[in-house]
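Colleague: Quick one: the structure is below, questions incoming.
The values are calculated or read from the model by the stated rules, or taken from the named source; none is laboratory data. Computed from a predicted structure; not experimentally measured. Note: ideal-geometry Cβ built from the backbone for every residue, glycine included; neighbour counts use all protein chains shown. The area values use the complete protein model at the heavy-atom level, side chains included, leaving out ligands, DNA and RNA. Shrake-Rupley method; radii C 1.70, N 1.55, O 1.52, S 1.80 Å.
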Amino acid sequence: YYYEYLYNNGINYYFCAIYIEETASPATTVTYSFIEGALAGIVTANIKLDHPIENNYFFGNFYGVGEYGTRNTDITNNLCYFNYTAGIDVHLGDRNGVGDADSVITISNNTCDIYQDYGIRVHGVENEADAGYAIISNNIVSGSVWGGLYLVGRMYFTIANTGYYGNAADRIGYEESQESNPVYETEMPYVDGTGILSYWYLSPNSAFVNAS
């Protein structure tokens, strides 16, 4: 698979900090982790955990979270900062691109910012009959070199309350009319915090407060 392909072809990063195979216990919980310098911070391989991947900080990886398979784990309330290719990268199909019409994932309340090709990227499948469903809501995507949200391939989706700031393109693969309540910011929406994990806190005056 692509994360493994990069690793096996000389990318000078370790593969991933946490790799969750489909044989893992669904009760596995990943939360409050700080992951830096990996090819992919967390990878799930065709497994839907009982609890979402949540409240983690991904810094300086190629990918923050990478998922593939017809069973995907929800991704909630993570900070993805300075991840080179994508903060969140989800494949709704298996290694052969085959999907499942019953597949559902929720990606919500995440912030993906700065020096990333894409903030959130979701790959659908080739066969419309096997297309899964992605719920993408209440995320902030900013500072993307190519696109804030990128949807590619066949899937069903709901997109709502996304905050956009400073992306080369806010959306790729779908139209603004297919999204509910996008929120646009033209001023720097973040302020520095304190301590070792000081990026990013929302400015009290940001349009994203009580919006996305």
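Okay, residues lined up against (1) at pLDDT 95 or above; (2) out of contact with any Pro (no Cβ under 6 Å at 6 or more places or on another chain); (3) within 26 Å of Gly99 (Cβ to Cβ):
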residue: Ser144; (1), (2), (3): yes, yes, yes
residue: Arg154; (1), (2), (3): yes, yes, yes
residue: Ile159; (1), (2), (3): yes, yes, yes
residue: Tyr164; (1), (2), (3): yes, yes, no
residue: Glu179; (1), (2), (3): yes, yes, yes
residue: Asp192; (1), (2), (3): no, yes, no
residue: Leu197; (1), (2), (3): no, yes, no
residue: Ser212; (1), (2), (3): no, yes, no
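Colleague: In addition: Give the number of residues within segment 166-177 that are touching a strand residue (DSSP E or B) at 6+ places or on another chain (Cβ under 9 Å) and over 23 Å from Asp100 (Cα atoms).
Modeller: 7
Colleague: Next up: Just the residues that are assigned to a strand (DSSP E or B) and open to solvent by 10 Å² or more (accessible area, probe 1.4 Å), please, taken from segment 141-155. It would help to see each step written out before you state the result.
Modeller: Initial filter on segment 141-155 (assigned to a strand (DSSP E or B)): 141-152, 154.
Those that are assigned to a strand (DSSP E or B) and open to solvent by 10 Å² or more (accessible area, probe 1.4 Å): Gly143, Val145, Trp146, Tyr150, Leu151, Val152, Arg154.
Colleague: Here's another thing I want to ask about it. Do any residues in segment 175-196 that are part of a loop (DSSP other than H, G, I, E, B) have Cβ atoms under 7 Å from those of residues that are of a type outside the set (Ser, Thr, Tyr) and surrounded by fewer than 12 Cβ atoms within 10 Å (Cβ to Cβ), where the two are at least six apart or on different chains, and which pairs are they?
Modeller: Pro182/Glu176
Colleague: Given Ile136, Ile159, which one is free of Cβ contacts under 8 Å to residues at least 24 places away in the same chain and under 15 Å from the mean Cα position of the chain (by Cα)? Steps first, answer last, please.
Modeller: Values: Ile136 fails: free of Cβ contacts under 8 Å to residues at least 24 places away in the same chain.
Result: Ile159 is the single residue among Ile136, Ile159 that is free of Cβ contacts under 8 Å to residues at least 24 places away in the same chain and under 15 Å from the mean Cα position of the chain (by Cα).
Colleague: Restricting to segment 3-37, and then to whatever is out of contact with any strand residue (DSSP E or B) (no Cβ under 8 Å at 6 or more places or on another chain) and modelled with pLDDT under 95, can you tell me which residue is most open to solvent (accessible area, probe 1.4 Å)? First the steps, then the outcome.
Modeller: Quick first cut of segment 3-37, residues out of contact with any strand residue (DSSP E or B) (no Cβ under 8 Å at 6 or more places or on another chain) only: 5, 8-10, 12, 23-27, 29, 32.
Within this subset, residues satisfying the condition of being modelled with pLDDT under 95 are 5, 8-10, 12.
Numbers: Tyr5: 130, Asn8: 115, Asn9: 96, Gly10: 65, Asn12: 148 Å².
Residue satisfying both the conditions and the ranking: Asn12.
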